[in-house]
Amino acid sequence: MKRHWKILIVDDEEVMCESLAAWLREDGYTVEVAFSGREAVAKASKSEYAIYFVDLKMPGGMDGIETLMHIRRTQPEASIIIITAYATVDTAIAAMKEGAQEYIVKPCNPEEISLLVNRIIKVKNLQRENEILRKKLNKHYEFRDIVSKNAKMQELLRLAADVSSLRSTVLIRGASGTGKELVARAIHYSGDRAQKPFIAVSCAALTETLLESELFGYEKGAFTGASGQSRGKFEMADSGTLFLDEIGDISPKLQADLLRVLQERTFYRLGGHQEIRVDVRVIAATSVDLESAIAEGRFRSDLFYRLNVIEMRIPPLRERREDIPLLARHFIEKIAREVNREVADVSESGLRILLDYDWPGNVRELENAIERAIVTSRNRVLTDADFTFLTRDTPAKGSWVLPNVSLADLEKQAISAAIRRTDGNIREAAACLGIDRSTLYDKIRRYDIQR
Amino acid sequence: MTWGECSQEFMDEARASVADELGAPMTLVDTGFDSSFAFDAKRRQYNSGLLLHRMVEWCPPEADCVIGLIEEDLFIPMLSFVYGQAQVGGPCGLVAAARLRQEFYHMRGDATLFRRRARKEVLHEIGHTLTLVHCADPQCVMSLATGLPQVDRKSETYCPPCRLIALEQVQAWEHSGRKESAR
């Protein structure tokens with residue numbers, strides 16, 4: 001375990017550096033030395049060290065505190081130990097204020113330094129272990145994690161299993177909350193690339209320039225604030241899978257860039273001149289009606305055909321109501337364990353409410369509803385009383401009071417509400433409103449409705 | 001090799017420990033080297049790094065491993081003292097007797113206890129030259145000791161995994177010499 005961690009000793013006295021390095025090497029650490037603050041900062045910019053021993057007084061214009069400040073700028077996680085021959089309260093306070101983890105006076109007892117290094121490395125080992133376990137816990141998904149007895153879903157899962165080891169691009173379509181990322185992860189973890197990275201990017205969450213640097217990375221100085229080189233998600237996903245969620249929301253420029261990567265399998269980092277070749281399987285997902293977007297000139301048809309090599313449509317929950325009892329019991333088992341509650345099942349009356357509800361937020365909304373019910377319930381079995389928030393939020397038929405507005409305003413509100421409810425899916429919104437898509441587009445334009 | 005005059009019991013124990021544990025012959029060389037250049041008058045101790053550096057310069061090509069024995073107290077600038085020092089996977093190591101003796105702590109001398117401690121420290125530093133680093137098993141002679149209670153607690157032998165590595169390395173020396181095996 002120790003060989004993984006590197007230590008840098010910074011002191012202008014060579015004998016001091018070398019002897020401490022030799023002593024720490026006997027303990028199994030990889031130790032390097034630097035004879036000035038500048039050399040230390042240069043080394044820290046090229047390589048990461050778990051612990052820095054930095055002498056407080058060094059000639060050459062960069063003392064220990066200044067060195068510490070420079071290192072912390074690039075490596076905020078590093079543990080820095082300030083060494084001094086003369087302890088004064090002022091320097092100790094200054095060092096600690098700038099983020100030194102410890103302050104030791106030389107010569108110190110071997111036991112003191114051994115305990116200090118062991119303590120820091122123990123914490124770093126635990127942090128690393130925690131990170132790995134968390135990643136495993138969060139990212140390991142299989143087809144058995146997708147609960148369904150619906151025929152369409154079964155067919156979709158069969159197709160997903162069949163294509164899991166291919167490199168072909170997959171386009172997953174479905175409304176928000178239907179589990180598009182879950183399906184993408186299941187495809188990745190069931191195929192040949194399971195041991196390689198699965199990198200997910202939500203295209204809707206970032207602006208065009210941010211998304212561009214996020215996907216392709218950048219070179220130092222590519223733009224203001226690019227203080228170092230950074231690898232993009234395409235590089236991180238090399239030999240694995242890149243999941244591009246909400247692909248319908250990306251800008252025309254990024255559409256062109258993405259098309260190029262899909263065709264050539266190569267790209268350039270922002271500000272870079274070196275062509276980078278990657279082997280990445282792309283799985284894209286969208287809740288937007290891409291055909292309409294193409295018709296309106298908002299989405300490139302050539303990119304659509306590149307992405308849509310294998311298409312999977314996840315039906316909304318209201319179209320697979322037979323899955324509701326199954327999913328409800330699956331979530332009860334999972335969430336009760338997570339929140340440490342002894343809830344074991346859902347009653348017939350509880351299920352009735354769940355089956356009658358429309359689930360505009362799909363499986364995600366069902367999971368949230370179960371969690372809310374488990375947290376607030378005092379019984380081992382969830383009943384209709386635990387799901388009153390679902391019936392309360394849905395206006396009962398016939399009880400709706402018409403607001404005092406014009407017919408045009410009413411129509412505008414109805415259209416806006418339908419678009420919101422369907423997360424901008426025009427086809428679904430048109431179906432909800434009982435009009436065809438072209439009529440809906442016409443009304444959106446006329447009322448200047450934001451989508 | 002000895003730095004200055006060393007007690008007979010120290011030299012005997014060093015020779016016996018290597019023969020018993022590693023089955024390798026050890027030759028004692030009186031180099032006549034003077035250690036005073038490494039004496040730090042302010043600390044009244046000898047700089048271990050400087051002595052080790054001189055040993056590396058001197059190290060005869062036919063030697064697989066050179067262990068320096070010194071009666072005086074050693075230090076490295078960062079630490080208040082060291083019992084010894086060695087190059088991990090290199091040919092040279094150094095062991096100081098001063099702090100292994102009860103007399104250093106103003107107690108009555110105990111020759112048996114000193115012999116046991118000296119054996120452990122010689123095997124420990126040789127272990128480093130055989131590529132071993134500190135062992136997590138507190139019973140193993142390669143475990144780190146920063147005080148006498150730890151030295152006295154550990155056994156006078158290598159734990160099975162450390163022993164395996166040490167013997168493999170000794171066999172490699174026998175087969176082709178240090179320089180070849182390092183290559």
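The values are calculated or read from the model by the stated rules, or taken from the named source; none is laboratory data. Please read all numbers here as calculations on a predicted model, not as lab measurements. Neighbour counts are summed over all protein chains in view; Cβ atoms, including those assigned to glycine, are modelled from backbone coordinates with ideal geometry. What goes into the accessible areas is simple: the full protein's heavy atoms, side chains included, and nothing from ligands, DNA or RNA. Shrake-Rupley method; radii C 1.70, N 1.55, O 1.52, S 1.80 Å.
Of the heavy-atom accessible surface of chain A (probe 1.4 angstrom), what whole percent is carbon and sulfur? If you can, show how the numbers build up before the last one.
Values: 11650 of 23460 Å².
Carbon-and-sulfur percentage of accessible area, whole number: 50.
Ranked highest first by average number of other Cβ atoms within 10 Å, how do A:325-334, A:44-53 line up?
Numbers: A:325-334: 17.8, A:44-53: 19.4.
Ranking, from highest mean packing down: A:44-53, A:325-334.
Taking each residue in A:37-44, count the Cβ atoms of any other chain within 10 Å of its Cβ, then average. What number comes out? Mind dumping the intermediate values first?
Working: counts 0, 0, 0, 0, 0, 0, 0, 0.
Going residue by residue through A:37-44 and averaging, the value is 0.
Search the structure for amide H atoms under 5 Å from the amide H of B:S143, placed 1.01 Å from N in the peptide plane, and list their residues when 5 or more places away or on another chain.
Amide H neighbours of B:S143: B:C135.
What average number of partner chain Cβ atoms lie no more than 10 Å from the Cβ of the residues making up A:14-20?
Per-residue shielding by partner chains comes out at 5.
Once you have a ≥ b ≥ c as the square roots of the Cα gyration tensor eigenvalues for segment A:9-120, tell me rounded if a/c is under 1.5, and otherwise prolate or oblate according to whether a/b is larger than b/c.
On the way: a/c = 1.28, a/b = 1.09, b/c = 1.17.
Note, shape of segment A:9-120 comes out rounded.
Send over a whole-number figure in Å² for the accessible area per residue of chain B, probe 1.4 Å.
Values: 8410 Å² over 183 residues.
Solvent-accessible surface per residue comes out at 46 Å².
Taking amide H atoms as placed 1.01 Å from N in the peptide plane, list the residues 5 or more away in sequence, or in a different chain, whose amide H sits under 5 Å from that of A:A34.
Residues meeting the criterion, in which the H sits 1.01 Å from N, are A:I9, A:V10, A:D11.
Arrange the residues B:M107, A:M312 by how much accessible surface each exposes, largest first, with a 1.4 angstrom probe.
B:M107, A:M312
Can you work out the accessible area per residue across chain A, with the rest of the protein chains kept in place, probe 1.4 Å, in square angstrom?
That works out to 52 Å² for each residue.
Name the residues of segment B:69-95 whose accessible area falls by at least 40 Å² when all protein chains are present instead of the chain alone, probe 1.4 Å?
Output list: B:I76, B:P77, B:M78, B:L79, B:S80, B:Q85.
Where does each of A:R372, B:R153 land when they are ordered by accessible area, with a 1.4 Å probe and the largest first? Intermediate results must be reported in sequence, preceding the final value.
Working: A:R372 110, B:R153 140 Å².
Listed by decreasing accessible area, they come as B:R153, A:R372.
Roughly how crowded by other chains is peptide A:260-269, in terms of the mean Cβ count from those chains within 10 Å of each of its Cβ atoms? Could the numbers behind the result be given before it?
Details: counts 0, 0, 0, 0, 0, 0, 0, 0, 0, 0.
So the per-residue partner count for this stretch is 0.
Once you place label points 7 Å from the Cα toward the Cβ at B:R153 and A:R313, how far apart are they in nm?
7.0
A:I80's amide H: which non-local residues (gap 5+, or another chain) put their own amide H closer than 5 Å, with H modeled 1.01 Å from N in plane and none for Pro or chain starts?
Those qualifying (amide H under 5 Å, at least 5 residues apart or on another chain) are A:Y52, A:Q101, A:E102.
To the nearest 10 Å², what's A:H70's accessible area with a 1.4 Å probe?
Roll a 1.4 Å probe over it and A:H70 shows about 60 Å².
Determine, from the Cβ-Cβ distance of B:A98 and A:A92 and an R0 of 45 Å, the FRET efficiency 1/(1 + (r/R0)^6), rounded to the nearest 0.05.
Numbers: r = 33 Å, r/R0 = 0.72.
The pair B:A98/A:A92 has a calculated efficiency of 0.85.
Summing both sides, how much accessible area is buried between B and A? Use a 1.4 Å probe and give Å² to the nearest 100. List each step's numbers first, then the result.
Numbers: alone 9310 and 24310 Å², together 31860 Å².
About 1800 Å² of accessible surface is lost on pairing.
Return the subset of A:K149/A:K334; A:K97/A:K122; A:K124/A:K334; A:K97/A:K124 for which the Cα-Cα distance in this structure is over 27 Å, preserving the input order.
Working: A:K149/A:K334 19 Å; A:K97/A:K122 24 Å; A:K124/A:K334 31 Å; A:K97/A:K124 22 Å.
Checking Cα-Cα distances, A:K124/A:K334 exceed 27 Å.
Over 32 Å between Cα atoms: which of A:K43/A:K106; A:K233/A:K412; A:K196/A:K253; A:K57/B:K42 fall into that group? If you can, show how the numbers build up before the last one.
Numbers: A:K43/A:K106 24 Å; A:K233/A:K412 41 Å; A:K196/A:K253 29 Å; A:K57/B:K42 20 Å.
The pairs that break the limit, which is 32 Å between Cα atoms, are A:K233/A:K412.
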